[in-house]
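Trainee: Quick one: this structure, given as structure tokens, is what I'll be asking you about.
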Amino acid sequence: MFKRLLYLGYYLKKMDWKKFKLFLDHASKVSGKSKTALLSDAVSCVFKYNISLLEYFQFRFFELDDQQRKTWAGTGYMFEYQLQMNPKSSRDILDDKTKFYRSYKDYFVHAVADIADLKAKPELLQTLLNTPSGKLVFKVADGNCGIDVLIKSASEFDEKSLIDFIENSQFDLVEEFIQQHPTLNNLSPSAVNTVRIFTQLDDNDEVVLLGCRQRISVNSSVDNMAAGNMAAIIDEQTGIITDAGVYSDITKPEEKIHPITGVEIVGLQLPFWNETVAMVKKAAKEHPENRSIGWDIVITEKGPGFIEGNHDWCKLLWQLPAKKGLKSKLEPYLK
């Protein structure tokens, strides 16, 4: 109880109050329950189900009974689970984009470099300056959710000025702007739409897929749900999107057709799916000290490649598209 009281303090400190009020008003309207009753229930659920206050609304607990609520994995539960699966002593290769790139560089299909690469590999420097997209992406090593990313024209730089820019800025990596596969570009061209695959190593160090999701940008330069975008379930056997895209904003309806491009989401066949799954299963075994990882994958005309791996992979992206709690998938791996 003391730990969950600390969690409650953390949720209050980090709260997006504008979003909280929006969700509270919506939940009261659709459920017919008073805001006071909902607030009391939300606080109670923090302690009883180890979820955050916002997740009370995002998981639609105001519509669920006790047995249904028990199936959802919230922030507190996931923090404790991922701490056990990916200990602090080993998760640095997932926390730091530079270390991730160096640990998994064989799985990248786009050019990436840190300052050491730029100085030591003139051919890589030229590849970046002459990238087909004409754009470069600059990232900080510990950025997440699309934060601390800068996109600039490659024509602004030459060999010396690109190195100087990296050395004198907060950015640690430069990448060529990825040109996604036409199938995904037709779906939504505003951003690179990444696939997230969640992997778990079992007791025999074999790879179990916990789920596959397609992130879908909606008139946004990033594809994260936190930025107002959608996610949908991918069938892990076929690579076909099997259900509508959903938002983490509970006031928005699910979408079977992309609201901007008009492309049908349900039934979309992702290209290079067998290669994507094979790549993830191989990579998941390379550093078994990290046992449960959320992989971000780009699919291009050349095939799939990594963007990053996450030790603290998102419970919303995992569960909301499924429209049900998936905690039971994790419990067999807890010691």
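The values are calculated or read from the model by the stated rules, or taken from the named source; none is laboratory data. Everything numeric in this text was worked out from a predicted model, so none of it was measured. So basically every Cβ, Gly included, is an ideal-geometry build from the backbone, and we count neighbours across all protein chains shown.
Trainee: Condition first: buried (at least 20 other Cβ atoms within 10 Å of the Cβ) and assigned to a loop (DSSP other than H, G, I, E, B). Now tell me which residues in segment 285-311 satisfy that.
Mentor: 290, 291, 311
Trainee: With the requirement that a residue be touching a Ser or Thr at 6+ places or on another chain (Cβ under 7 Å) and assigned to a loop (DSSP other than H, G, I, E, B), what does segment 271-284 give you?
Mentor: Of everything in segment 271-284, just one residue is touching a Ser or Thr at 6+ places or on another chain (Cβ under 7 Å) and assigned to a loop (DSSP other than H, G, I, E, B), namely 271.
Trainee: Consider residue 217 carefully, then state whether it is among the polar types (S, T, N, Q) and either in contact with a helix residue (DSSP H, G or I) (Cβ under 6 Å, 6 or more places away or on another chain) or surrounded by 15 or more Cβ atoms within 10 Å (Cβ to Cβ) (or both).
Mentor: Yes.
Trainee: Can you find a residue that is of a type outside the set (Gly, Ala, Ser) and closer than 30 Å to residue 151 by Cβ anywhere in segment 62-81?
Mentor: Checked segment 62-81: no residue is of a type outside the set (Gly, Ala, Ser) and closer than 30 Å to residue 151 by Cβ.
Trainee: Could we say that residue 84 is farther than 30 Å from residue 17 by Cα, within 23 Å of the chain's Cα centre (by Cα) and assigned to a helix (DSSP H, G or I) here?
Mentor: Yes: the conditions hold for residue 84.
Trainee: Right, here's the next one. Determine, yes or no, whether residue 176 is within 23 Å of residue 98 (Cβ to Cβ), buried (at least 20 other Cβ atoms within 10 Å of the Cβ) and among the acidic types (Asp, Glu).
Mentor: When the stated conditions are applied, residue 176 passes them.
Trainee: Could you please let me know if residue 275 is surrounded by fewer than 19 Cβ atoms within 10 Å (Cβ to Cβ) and farther than 30 Å from residue 17 by Cβ?
Mentor: yes
Trainee: Taking strands (runs of 3 or more DSSP E) that do not extend beyond segment 192-267, which have at least 3 residues that are touching a Phe, Trp or Tyr at 6+ places or on another chain (Cβ under 8 Å)?
Mentor: Passing ranges, in order: 195-201, 207-216.
Residues are listed down the side, and each one gets a yes or a no for (1) over 30 Å from residue 8 (Cβ atoms); (2) touching a Phe, Trp or Tyr at 6+ places or on another chain (Cβ under 9 Å):
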position	(1), (2)
52	no, yes
72	no, yes
101	yes, yes
121	yes, no
140	yes, yes
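Trainee: Now, a different point. Does residue 48 fit the bill of being surrounded by 15 or more Cβ atoms within 10 Å (Cβ to Cβ) and either at negative phi or in the same structural domain as residue 311 (by TED's automatic domain parsing) (or both)?
Mentor: Here the answer is no, as residue 48 does not meet what is asked.
Trainee: Pick from segment 4-43 the residues that are touching a residue at least 24 places away in the same chain (Cβ under 8 Å) and among the hydroxyl-bearing types (Ser, Thr, Tyr): which of them is nearest to residue 80 (Cα to Cα)?
Mentor: 7
Trainee: What single numbered condition from (1) part of a helix (DSSP H, G or I); (2) closer than 21 Å to residue 330 by Cβ; (3) not hydrophobic (A, V, I, L, M, F, W, C) fails to hold for residue 71?
Mentor: Result: residue 71 fails condition (1) only.
Trainee: Can you give me the number of residues within segment 179-190 that are in a loop (DSSP other than H, G, I, E, B) and in contact with a strand residue (DSSP E or B) (Cβ under 9 Å, 6 or more places away or on another chain)?
Mentor: 4
Trainee: From 131, 127, grab the single residue that is crowded, with 16+ Cβ neighbours inside 10 Å, farther than 30 Å from residue 332 by Cα and of a type in the set (Ser, Thr, Tyr).
Mentor: Being crowded, with 16+ Cβ neighbours inside 10 Å, farther than 30 Å from residue 332 by Cα and of a type in the set (Ser, Thr, Tyr) holds for just one of 131, 127, which is 131.
Trainee: If I ask for residues that are over 20 Å from the mean Cα position of the chain (by Cα) and under 24 Å from residue 230 (Cα atoms), which ones from segment 276-302 would you list?
Mentor: Across segment 276-302, the qualifying residue is only 301.
Trainee: Is it fair to say residue 195 is in contact with a helix residue (DSSP H, G or I) (Cβ under 6 Å, 6 or more places away or on another chain) and under 30 Å from residue 328 (Cβ atoms)?
Mentor: no
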